[in-house]
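Beneath this line is the structure, given in structure tokens, with notes to follow.
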Amino acid sequence: MLSSPILNSFSLLLSFSLIYLFSPQILAPLQNPLSYELDDPTLFKKALRSCKAIPPVANNKPAPKIAFLFLTNSDLSFAPLWERFFEGYTNLYSIYVHADPFSKVSNPGGIFKNRFVPGKKTERGSPSLILAEKRLLARAILDDPFNLYFALVSQHCVPLHSFQYMYDTLFGHSFLKIFTTQSRHQSFIEILSEDPNLPDRYNARGENIMLPEIPYEKFRVGSQFFVLAKRHALLVLKDRKLWRKFKMPCLNIESCYPEEHYFPTLLSMRNPRGCSHYTLTNVNWTDSFDGHPHLYQAEEVSPSLVHGLRQSNSSYSYLFARKFAPDCLLPLMEMADDTLARILVACGHTIEGAINGGNLSTFFGPLQVGWRGEEKKEMRWWERE
């Protein structure tokens, strides 16, 4: 029979081995998930400092831009559709892609070439998604001082209107007014104060852990996808107070979705009147599964679907929709080609002639300057006149 000291030593060694093997699963909620946050504060501070210098608007007469922020963990299947969407508007938009480096996302080239920002691992239901979105905002602000709106989209998002329509919706037509009224630019973000899941989500990190910074009556929820004005993007990068709470790991993993709460709560507390309280991205939750919305398939795609997805309960039409399966690309491109063909024929051109001319964008020249006060001419994607 083994002596008691030897038996105790063996039991202790076995206990340490079991803890080593299973502690990642047992203790995961108690560990700090943001060890990769180390260099982000420096990036955010650099972006904030860059805004202190006023760009020479009067001399260069630059165009305000919309920065499209792609947050993805898989390939950009709709890259050809976005190429068509942006064609002819080179100086009016910017693109930034944050891809999870562990997902091995391929660069589709074209307008996405050299537009990937340094990315870090992201995980649904964790603060890593908030950091990725902040990272995209910071990179866009640093890259171009004339990025005045920031639209967050995913690899499953598609546009529902032409670029010209979106641009005019956000900026209007007055060149000088766009720059001089930045302090009043509205952000389009869903902010909801009533939801049956709010109590559980508020206490997901432990009861009253969010206090005193975030009382329950100030806690909000909303869609992860937004269109932020620059003034609110800067507010997000400045925030430290609320971020200290939202980055804490959850004890109740089933109720942990910080990416759906951080932005709505922060902006609701800091500038509620400057926000629309609704999103411009249409999502279908009628047959959601495991927290994911309806995934549109190729056989569902039609002009009537696009028209229906544009409809909203607000004074603004939806600009984007999700989630679309990759095989929806072909029918969406066919509808875009059909619209292009009708526009060219109306102008006395053919698709072959446009392609042989080597520059399709020349046919959309008048559309590029609509924001300067000239006649608004929307290229209506997928509409059958």
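Rule-based calculations on the coordinates, nothing more; no lab input. Remember, predicted model here, so these are calculated numbers, not experimental data. Don't worry about glycine lacking a Cβ; one is built from the backbone with ideal geometry, like all the others, and counts go over all protein chains shown.
Among 124-131, 113-120, sorting by the average number of other beta carbon atoms lying within 10 angstrom of each residue, highest first, gives 124-131, 113-120.
Taking 26 Å as the limit for the C-alpha separation, the pairs 52/247; 45/247; 113/134; 177/241 exceed it in the case of 52/247; 177/241.
When each of the peptides 194-201, 181-188 is scored by the mean number of other C-beta atoms lying within 10 Å of its residues, the order from highest to lowest reads 181-188, 194-201.
Scoring 150-157, 251-258, 293-300 by mean Cβ neighbours within 10 Å over their residues and listing the highest first yields 150-157, 251-258, 293-300. Taken one residue at a time, the phi angles of the stretch 198-212 give Karplus couplings (6.51, -1.76, 1.60, θ = phi - 60°) of 4, x, 5, 5, 5, 9, 4, 8, x, 5, 6, 5, 6, 6, x Hz. Gly and Pro are set to x. Normalised by the number of residues in the stretch 230-341, the average gap of Cα pairs under 8 Å and 6 or more apart makes the relative contact order 22 percent.
For residue 190, the residues whose modelled amide H falls within less than 5 Å of its own, excluding neighbours fewer than 5 places apart on the same chain, are 223, 279.
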